[in-house]
1. In the stretch 17-52, how many residues are outside any loop (DSSP other than H, G, I, E, B) and within 16 Å of the chain's Cα centre (by Cα)?
2. Which of the residues that make up the stretch 26-51 are of a type in the set (A, V, I, L, M, F, W, C) and open to solvent by 70 Å² or more (accessible area, probe 1.4 Å)?
3. Could you give every pair whose Cβ atoms fall below 8 Å, whose first residue belongs to the stretch 26-40 and is more than 11 Å from the ligand (Cβ to nearest atom), and whose second residue is assigned to a helix (DSSP H, G or I) and β-branched (Val, Ile, Thr), counting only separations of at least 6 or pairs across chains?
4. Would you pick out the residues in the stretch 1-16 that are hydrophobic (A, V, I, L, M, F, W, C) and either touching a Gly at 6+ places or on another chain (Cβ under 7 Å) or assigned to a helix (DSSP H, G or I) (or both)?
5. Could you grab the pairs with beta carbons closer than 6 Å, sequence gap of 6+ or different chains, first residue in the stretch 41-69 and within 9 Å of the ligand (Cβ to nearest atom), second one open to solvent by less than 60 Å² (accessible area, probe 1.4 Å) and part of a helix (DSSP H, G or I)?
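The values are calculated or read from the model by the stated rules, or taken from the named source; none is laboratory data. Just so it is clear, the structure is predicted and the values come from calculations on it, not from any experiment. All Cβ positions, even for glycine, are placed from backbone atoms using ideal geometry, and neighbour counts span all protein chains on display. Keep in mind that these areas ignore ligands, DNA and RNA; they rest on the heavy atoms of the full protein, side chains included. Shrake-Rupley method; radii C 1.70, N 1.55, O 1.52, S 1.80 Å.
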Amino acid sequence: MPKSRTELTAIWPPTADVAREAGHAPQSPLQAIRTKCFDCAGYQVSEIRRCEATGCALWPFRAGEHPWWGEGKKTSQTLADSERETASESDGGAA
Ligand code: SF4
């Protein structure tokens with residue numbers, strides 16, 4: 001018997017099996033962002049391109065490309081650096 005939405009949502013974080021059971025096919029985060037932008041923009045590529053919602057967290061990624069790749073650091077390293085900096089700031093800078 002298939003799980004209800006509530007049962008699927010209760011599994012945190014979602015596993016691949018849960019995602020599949022919820023109807024999702026495997027995809028990259030960039031593909032997921034692009035799909036969300038298509039949904040938001042009425043499936044019009046031109047509207048995604050013209051989107052002026054610069055405060056939207058997805059806005060830099062709406063072309064399906066990662067704007068920070070190629071700047072010398074991979075984003076995962078940038079995020080890790082940011083987390084270290086945040087931890088350092090919260091403990092008074094002793095690191
Ligand atoms: S970037 Fe624009 S098109 Fe994409 S989800 Fe945000 S508001 Fe919608």
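1. 13
2. Cys40, Val45
3. So the pair list comes out as Gln27/Thr35.
4. Residues satisfying the conditions are Leu8, Ala10, Ala16.
5. Ala41/Ile48; Ile48/Cys37; Leu58/Ile33; Phe61/Ile33; Arg62/Cys37; Arg62/Ile48
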